[in-house]
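For reference, the structure is listed below as structure tokens.
The values are calculated or read from the model by the stated rules, or taken from the named source; none is laboratory data. Everything numeric in this text was worked out from a predicted model, so none of it was measured. FYI the Cβ positions are ideal-geometry reconstructions off the backbone, even for glycines, and counts take in every protein chain you see. Areas reflect the complete protein model, heavy atoms only, side chains present, ligands, DNA and RNA absent. Shrake-Rupley method; radii C 1.70, N 1.55, O 1.52, S 1.80 Å.
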Amino acid sequence: MRHLAGTESLALPGLQAMAARFDTQEPIGDIEPLGRGLINDTFSVATRTRGYVLQRINARVFPDPERIMANLLVFRTLLAEHDGAGPRIPRLVLTRDGAAFTRDAAGDLWRMMELIPNAITLTRIENAGQAREVGRLLGGFHRAAATLPIERFGVSLPGFHATPAYLERLQRVFRDLERSPADPAIVMLMEFVDRHRWLAASLDDAQRTGRIRSRIAHGDPKLDNILFSTNRADALALIDLDTIQPGLIQHDLGDCLRSCCNRNGEGAPDPAATRFDLSVCEAILSGYAAATETLLDAEDINCLYTAIALMPFELGMRFLTDHLEGNRYFRVDHPDLNLLKAQIQFALVADIECKETKIRGMIREAFRR
Ligand code: GN1
Ligand code: MG
């Protein structure tokens, strides 16, 4: 499915001219919308022998897009200095003036990267081998990132996983709505939120009291952001590096499981059919634990179940808030899509809660040393 809403205004001649600002080796050919991202506008750019990715960073979401680029450059440079064996990162293509990005007349920031060849994304995990690969890739990313000096990284998206702040904002937006009578579907979701207020503060508390600490995190390791080989067997690269910043690796693992274990997808038509797939969970955890070896200590591991329940709760609140605020943040192709997506994320939380004992058992088993 292509989300063209919001990109329709980008006329092709404008895109051609924008792509031509970058130092591609050959003349620009076809330009097409790429991927299923909800925030930035992304295009594939073909030249005779290579492919590139052209992106406009969403300025409403990222207040300081230069910071993204700075983090990206630091990440690349430090990893390369380190041992060269870290995760594969798409190479940045500089502008013809040698800059890492350019701006259009509206002030928006554009950048270009290499398109990793012979790679695909999966719309759903198809087998345990793929799930294990996802865990291995994310674990490898965290292990490599842990070797880098965190103080060299700035905050590209402030408050990105500040769950208590998302909760507060949702409750404020709901209170301020002049809906009478309130939509029963929304009231039901707000009651769910109310019953889970404690969850919003859980990881935040663990971090504030020093039980777990900040590390370099990816921020958005959902299935769409994982490139697989064309034979669908090997995970090749973690893409969408806009939210690399100091954060919790628990958020990353929770987010990855939220995305991969919900095999119906984020926008499936029937929220009641939402399930958290335990076999996918088990395989991701085992791949992740094998790749990270001793990176996580006992307290880190203790927080994992909470992170798994927390991330769909947080995203559900973000979708619901955006629905109530008129769909200004996430790209939607119909006005109730964010509401549906919130219902799906909360259904996922509920299913995770039903499976708590099993999930905790899987965590114990995966990290048994
Ligand atoms: C957004 O832009 P995209 O599709 O990579 C969002 C993530 C959500 C995700 C849900 C910066 O990611 O936090 O988990 O949608 N990114 C931002 O699909 O808000
Ligand atoms: Mg993203």
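General observations
- Shape class of the chain from the alpha-carbon gyration tensor: oblate, with a/c at 1.5 or above and b/c at least as large as a/b.
- Residues whose placed amide H lies under 5 Å from that of Q245, excluding near-sequence neighbours: A217
- Karplus-derived 3J(HN,Hα), 6.51/-1.76/1.60, for each residue of the stretch 236-246, Hz, glycine and proline x: 9, 7, 9, 10, 6, 9, 5, 10, 5, 6, x
- Residues whose amide H falls under 5 Å from that of D41, counting only those 5 or more places apart or on a different chain, are R56, N58, with hydrogens built in the peptide plane.
- Per-residue SASA entry for R88, accessible area with 1.4 Å probe, Å² rounded to 10: 110 Å²
- The residues of the chain have, on average, 45 Å² of accessible surface per residue, using a 1.4 Å probe with all protein chains present.
- Ranking N127, C354, N338 by Cα position along the charge dipole of the chain, where only Lys, Arg, Asp and Glu carry charges on their C-beta atoms, puts N127 farthest toward the positive end.
- Rg/Rg_globular for the stretch 182-270, with Rg_globular taken as 2.2 N^0.38 Å and Rg from C-alpha atoms: 1.38
- Spatial extent of the stretch 44-87: Rg and Dmax, with the Cα atoms as the point set, Å: 14.3, 37
- Restricting the calculation to Cα atoms, the stretch 246-369 yields a radius of gyration followed by a Dmax of 15.2, 49 Å.
- Applied to the stretch 37-42, the Karplus parametrisation 6.51 cos²θ - 1.76 cosθ + 1.60 on θ = phi - 60° returns per-residue 3J(HN,Hα) values of x, 9, 10, 7, 9, 10 Hz, with x for Gly and Pro.
- Considering helices alone, the calculated mean residue ellipticity of the chain at 222 nm is -14500 deg cm²/dmol, with DSSP H runs of length four and up weighted by -39500 (n - 2.57) and normalised per residue.
- Taking Cα centre as origin and charging only the Cβ of basic (Lys, Arg, +1) and acidic (Asp, Glu, -1) residues, the dipole magnitude of the chain rounds to 480 debye.
- For the stretch 225-301, the pair-distance distribution built from all alpha carbon pairs, in bins 5 Å wide starting at 0, is 3, 12, 18, 25, 22, 14, 6, 2, 0 percent.
- Per-residue 3J(HN,Hα) values for the stretch 90-102, derived from phi via the Karplus relation 6.51 cos²θ - 1.76 cosθ + 1.60 with θ = phi - 60°, read x, 6, 7, 9, 7, 6, 5, 8, x, 8, 7, 7, 9 Hz in sequence order (x marks Gly and Pro).
- Taking the 1.4 Å solvent-accessible surface of the stretch 115-271 as the whole, the part contributed by carbon and sulfur is 51%.
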